[in-house]
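Engineer: I'd like to ask you about the structure that follows.
Values quoted throughout were computed directly from the atomic coordinates according to the rules given, and no laboratory measurement underlies them. Quick caveat, the model's predicted, so the values are computed rather than measured. Every residue, glycine among them, receives a Cβ derived from its backbone with ideal geometry; neighbour counts consider all protein chains shown.
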Amino acid sequence: MYTKVFQEGYDLTQYSITDGVSSVLVRGRIDVSDSFTGDYNPFWKSQVKAGISATTPASGSRQVFNNDPIDCFQVLQNKAQPWILQSCQLIGDGIPFGYPNAAFQPAPSGLVTSVTNRAIRKFLDAADTARSSVELGQDIGEIRETIHGILHPLNTLREFTLSHLSNVLKRTKKLKAKHSLAKVAADSFLEYKFGWAPLAADIGQAYAGLTNNKGHVDVQPIHGGAYDTFPISKTLGVQSESAGNFYVQTDLFVTGSYYVGYKGGIRTSQANGRIGLAQMMQLDLPHFVPTIWDLLPYSWIADYFLNIGDVIRGLSFQTQNLTWGNLTIRTSNDYQYSSNMIDNYFAPAWTKVLRTINGGNPSVSVVRFSRGGISSGSLVPQLQFQLPLGSLKPWENMTALMVSRQADISRVARNLR
């Protein structure tokens with residue numbers, strides 16, 4: 001284990017120029033320290049190539065300055081004597097000298113959970129793509145439709161739609177009450193959306209997998225990552241510098257970002273470039289329990305609000321198929337400065353004839369990161385309640401769910417009262 005500290009310094013200067021006479025407005029220096037702590041492994045490339053996990057723990061912090069030099073210029077004209085002009089200019093570095101050393105703000109726990117779960121889901125998706133082609137196990141219960149869909153995909157869609165509409169008409173023919181009609185309509189919508197769409201997707205993936213099962217390598221690199229941002233603070237007027245007939249006010253906006261990334265290599269278990277049929281169709285042991293969950297009646301309703309299926313999938317994943325892997329977590333606090341020119345005169349004898357501003361919008365990023373190996377526990381998502389905002393029409397689907405269960409909801413409401 002070793003630690004390195006990197007010292008960096010930034011000399012900053014701003015000048016004020018009035019009618020051609022220059023003077024130093026402010027001068028300063030910002031000193032920062034970056035650090036890196038970790039284990040040194042000079043053989044990691046050869047180890048990864050040999051299928052050996054070479055990940056060493058590491059962590060560190062860094063401050064990144066993106067200067068944006070500022071140049072402001074304003075000319076005033078005397079109303080009574082138009083030939084008299086007054087020019088004022090402010091030029092120099094754009095990073096404010098009052099760069100704050102505020103306490104580093106970590107990401108909120110809810111955002112950490114959401115980003116981590118998304119990263120795990122993408123990583124496991126990449127692993128399944130490398131080792132198989134389609135989640136066919138849950139379609140065994142609909143094997144006739146699945147086979148027919150592969151042979152005649154457009155006919156399957158047509159027949160499914162027509163038979164579905166016929167069944168809906170039969171259900172509603174004898175109904176008169178509005179609430180009964182609403183319930184049938186909601187149930188019918190859900191049956192169609194969650195009946196045809198997943199089956200059609202699986203059929204397409206199965207066809208592609210069966211026709212492209214060749215050229216697989218022993219170890220396939222995979223990765224999955226997710227990212228999100230969070231607000232921290234907003235401060236107006238963190239610094240003001242006067243330049244004769246105007247002054248520059250600098251505002252500060254601070255936001256945070258959080259990233260989780262999984263990277264590794266996975267054994268494909270190929271033979272002569274081809275993957276076994278059971279493994280390709282995800283009919284192997286690692287997918288047995290997730291398939292059982294998918295086949296449970298109305299399990300998709302639970303997954304609509306709770307990521308139970310993702311948790312089961314993470315628990316069933318076989319980490320021994322990974323040849324190597326690492327998990328990287330990166331959090332940053334990003335300082336964005338914005339400069340504006342404001343009049344510094346109120347004499348009615350003068351009028352403004354020219355104003356320009358360029359630059360003055362620098363940024364600073366304070367980044368902290370950590371890296372470590374992948375364990376079986378790190379690939380199990382945390383249970384998370386969420387509203388289904390990721391779909392194109394979430395409220396439409398949720399409304400159908402609520403309407404189809406309106407009798408149960410009413411009963412619960414009566415009991416609560």
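Engineer: On a full-extension model of 0.36 nm per residue, what is the gain between LYS234 and ASN78, subtracting their alpha-carbon distance, rounded to one decimal in nm? Provide the component values of the computation, followed by the final result.
Structural biologist: On the way: separation 156, 0.36 × 156 = 56.16 nm, distance 3.85 nm.
This chain segment gains 52.3 nm when fully extended.
Engineer: Could I have the simple spin-label model distance between VAL26 and ASP71, label points 7 Å from Cα toward Cβ, reported in nm to one decimal?
Structural biologist: 2.2
Engineer: How much length would be gained if the chain were fully extended between PHE6 and SER46, taking 0.36 nm per residue of separation minus their Cα-Cα distance, in nm to one decimal? Before the final figure, lay out each step's value.
Structural biologist: Values: separation 40, 0.36 × 40 = 14.40 nm, distance 2.89 nm.
Here the segment from PHE6 to SER46 would lengthen by 11.5 nm.
Engineer: Where does the Debye-calculated log10 I(q)/I(0) of the stretch 1-111 sit at q = 0.22 Å⁻¹, using only Cα point scatterers of equal weight, no solvent?
Structural biologist: -1.18
Engineer: Can you give the relative contact order of the stretch 14-134 as a percent, counting alpha carbon pairs under 8 Å and 6+ residues apart?
Structural biologist: Averaging sequence separation for qualifying contacts and normalising by length gives 24 percent for the stretch 14-134.
Engineer: Along the Cα→Cβ direction, 7 angstrom out, place labels at ALA347 and SER378. What is the inter-label distance in nm?
Structural biologist: 6.7
Engineer: Here is a follow-up. Given the peptides 119-125, 225-231, arrange them by the average over their residues of other C-beta atoms within 10 Å, most packed first.
Structural biologist: Numbers: 119-125: 21.0, 225-231: 14.7.
So the peptides 119-125, 225-231, ranked by packing, come out 119-125, 225-231.
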